[in-house]
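Comments concern the structure below.
The values are calculated or read from the model by the stated rules, or taken from the named source; none is laboratory data. These numbers were taken from a predicted model, which means no experiment stands behind them. Note that we place each Cβ from the backbone using ideal geometry, even for glycine, and neighbour counts take in every protein chain shown.
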Amino acid sequence: MTTTPTTSEQVRSRLVNVLRRDLVGPSPHDIDLATERLPMEPSRWYLTGFIGPTTDAPEATEVEDPDPEGIDVGGSPDDRQTDESRTRRNSWRPSSIGITVLVPEGISQVTAVVTWGDYRTEPPMEQFLLEAQDEVDGPDQRAAPEVQWVRRPRHETTSVPIPNGRAQRGILVPNSSTPQLPGGALELTVHARPYEIELPDGAKSRFQALTVFLVNKRKRPRRRYEDISLAFQARLELVCEQGFVPRADLSGYGTDDWDRRVADLHYADAHEFAVGRNTSAEWAPLVDGRCTSASTCPLPMSEVERVAPTGEGELPGVEFGMEALGKLAAAPTSGDLSANLAPLVDLYDAWISSGWANFGAPADQRYKTGEQLVFNMRRARARIAAGIESLKTDSQARMAFCFMNDAIAKSLRRRSPERYPVDKPEKCPKWRPFQLAFVLLNLGGLVDRTHADREIVDLLFFPTGGGKTEAYLGLAAFTIAHRRLTHPGLTGAGVAVVMRYTLRLLTLDQLSRAAGVICALELARDDPAVGRARKSKRYLTGMKLRSSRLLA
């Protein structure tokens, strides 16, 4: 009895399991389907995960199927089940699956575990299986009765000697012939080749590249019952107790492409232990740093860890509340605002020093890549500090910073009233650390048109839902407010921000969020509280434009 999933992880796992059972069929763990009974041929019931005999090859006498995708094209059930209605793609079905692993030097053999499912007809149709081809396809072929297909789970284990640089063929999988079809069985074909590579640290690694194929060498029966010769839910697992050697991807090492060098450093500790042939591959979790099992997989999966930003307001000494920052920026002096932002620089500097202290040997390229990354981080730290300094010394920049925080806070309260109720000031919108840092990072270039930062394009690379839009809209609001403050009247009119999105649904969502910020800026100019806080309305004269003009 299965339990009802209660978490999103359980629901996702259930969906994947149902999909696998529908496309591939039962696994060794699906006891309820181990001896299932199907009303039609398994190759029409399942779409993938099976291998046919090596004798399956295109024939010149075959008739083009009117239904190449296996879709019902009409007619009576008997018409749809005739031999002529077999799809041409059956002739091109794979006859083997394989896997390549790296085995440590000195290993003489590995263990192969082969699991699959055989389907036999009920009632048995031995008298129809091996008729001559001209009798099968000729006009006088005998009408065969309808049958059901009953599954028989199979599981065999055998040792695979590793050849010394030569291919070894014909390792018979025990008990892999079909009872209804004499002759032929499943076989393992083995290839091995010694390799030696030099790792980035200068050490040399010696190993053997071992490739093992599971090949269907069964005899091909009459076409109507050819599924008897197929091996369904075929799976090949290799086991090495000493552990497989991780595959070192050095494609990004030694290149001049910066993106590939960064990826090489980021994923230096991420390895793959197997490569599939005619299929995908998966491997067991590491135990004591060793991977001892790898197998073929017709439906590969990979768990991608969630990337989440640091929580709101979790850094000590830094004020992230948007409304609180707006009030600090509106104060007559800038001391309190600077005091509440300065710890962000120190915390970022401490993170750089603690998290990126060691990249290996100084002569190593990964070390040089790490040094460049640290240099870029410290440069970003200096730009954040300069942004805080500009708020301290530039009153118009500080006032634009105030308008920005107020506008983003108001738009968020209107967009998510259940999360930020207006009647509950304690539930106030807050910047995430990377959002506030990104805003401060770009203030110098936005305030000073001759600033060197205007030659830099800063990109927020973060998964959906992390808060990129609010960071971009914060800079847009700052730019609009600062332009109207420094150039009041028509001299500040025109296009201030260009937004471009290539996905239609994303465009609609971004338009809605941007319009909320623009409307909040428009409402700010007539807010009496804002006017009193700024002592006079001279700061707002440049913003007396309609929202339609601001959107332009």
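Here are the numbers:
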{"read-out": "Of all residues in the range 293-349 being under 23 Å from H482 (Cβ atoms) and of a type in the set (D, E), the one that is surrounded by the fewest Cβ atoms within 10 Å (Cβ to Cβ)", "value": "D336"}
{"read-out": "Residue that is at pLDDT below 90 and polar (S, T, N, Q), where the choices are S95, S76, S43", "value": "S76"}
{"read-out": "Lone unmet requirement of (1) farther than 22 Å from L508 by Cβ; (2) small (G, A, S); (3) touching a helix residue (DSSP H, G or I) at 6+ places or on another chain (Cβ under 7 Å) for S411", "value": "(1)"}
{"read-out": "When residues of the range 401-440 are limited to those that are within 29 Å of the chain's Cα centre (by Cα) and part of a helix (DSSP H, G or I), the one surrounded by the fewest Cβ atoms within 10 Å (Cβ to Cβ)", "value": "F434"}
{"read-out": "Filter pass, V190 being assigned to a strand (DSSP E or B), over 37 Å from the mean Cα position of the chain (by Cα) and either farther than 28 Å from S295 by Cβ or modelled with pLDDT of 70 or more (or both)", "value": "no"}
{"read-out": "Where V498 falls short, out of the listed (1) surrounded by fewer than 15 Cβ atoms within 10 Å (Cβ to Cβ); (2) of a type outside the set (S, T, N, Q); (3) in contact (Cβ under 8 Å) with a residue 60 or more places away in the chain", "value": "(3)"}
{"read-out": "Residue within the range 2-24 that is modelled with pLDDT of 50 or more and under 26 Å from A185 (Cβ atoms) present", "value": "yes"}
{"read-out": "The range 251-289, residues that are among the charged types (D, E, K, R), more than 29 Å from F461 (Cβ to Cβ) and either surrounded by 16 or more Cβ atoms within 10 Å (Cβ to Cβ) or not assigned by TED's automatic domain parsing to the domain that holds P104 (or both)", "value": "R277"}
{"read-out": "Answer residue from the range 259-299, given it is touching a residue at least 24 places away in the same chain (Cβ under 8 Å) and in a helix (DSSP H, G or I) and is nearest to G52 (Cα to Cα) among those", "value": "D264"}
